[in-house]
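For reference, the structure discussed in these notes is given below.
The values are calculated or read from the model by the stated rules, or taken from the named source; none is laboratory data. Bear in mind the structure is a predicted one, so any value in this text is a computation, not a measurement. Because the Cβ atoms are built from the backbone with ideal geometry, glycine has one as well, and the counts that use them run over all protein chains shown.
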């Protein structure tokens, strides 16, 4: 019997990360779940079953990421898919009122963390047999346009786009494919406020359309399942009625 492919999902304890982890498990992957809260990871693990491994880690800490990948190598010997999904946001306050600590926390989690995981994935994917693998970055609609009062989040998501392009280029020779999914208003606990009203660029507050998170799951599983001579470099999956084209 062929060995199942191994996928790592960051931010797997809630929201999109949890939903995608469950979807990858249903698609036959052995899923490594990581995030800072072990209890949340264990809840996700219960929904997947025995084919998953929960490893608490702080992806903003390169040493913690190195330990995570060492555990993956010890448990499975390889990694086929990395979904760089984990992210945090700063308070929605005017740019000039943000503290250096609030800025740095978002940069560490959203951009540096994705880089550290990508770097470790490259090291493992280059050395394994057969060589290669796939990296999928969660860019968000904010990789294209900002919401009001979102400088740290928007800057890091624009940075993810640059990381995606660079990793795609540098990975070619090693059979490592890297792509990005930009998600708009998937219905999770984190987007519950969309149903009560979100601050808009014109100063108004408006209810925004959302979409079932299963469409994100389907898209990520599709990207993950492609042969390594094919890559979806960028994909946008969004609630059709949300303000994106023409935002602001």
Residue 87 versus (1) at pLDDT 95 or above; (2) closer than 30 Å to residue 201 by Cβ: which is the lone unmet condition? (1)
Of the conditions (1) in contact with a helix residue (DSSP H, G or I) (Cβ under 9 Å, 6 or more places away or on another chain); (2) assigned to a loop (DSSP other than H, G, I, E, B); (3) modelled with pLDDT of 95 or more, residue 221 fails just one. Which one is it? (2)
Limited to the stretch 91-142, what total is found for residues that are part of a loop (DSSP other than H, G, I, E, B) and buried (at least 18 other Cβ atoms within 10 Å of the Cβ)? 2
For the stretch 184-214, enumerate the residues that are loosely packed, with under 15 Cβ neighbours inside 10 Å and over 20 Å from residue 94 (Cα atoms). 189, 190, 192, 195, 196, 207, 212, 214
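For the stretch 48-56, indicate whether the set of residues that are in contact (Cβ under 8 Å) with a residue 12 or more places away in the chain, surrounded by fewer than 17 Cβ atoms within 10 Å (Cβ to Cβ), farther than 23 Å from residue 227 by Cα and out of contact with any strand residue (DSSP E or B) (no Cβ under 9 Å at 6 or more places or on another chain) is non-empty.
Yes, some residue in the stretch 48-56 is in contact (Cβ under 8 Å) with a residue 12 or more places away in the chain, surrounded by fewer than 17 Cβ atoms within 10 Å (Cβ to Cβ), farther than 23 Å from residue 227 by Cα and out of contact with any strand residue (DSSP E or B) (no Cβ under 9 Å at 6 or more places or on another chain).
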When you go through 17, 25 one by one, which is the residue that is buried (at least 24 other Cβ atoms within 10 Å of the Cβ), in contact with a strand residue (DSSP E or B) (Cβ under 9 Å, 6 or more places away or on another chain) and assigned to a helix (DSSP H, G or I)? 17
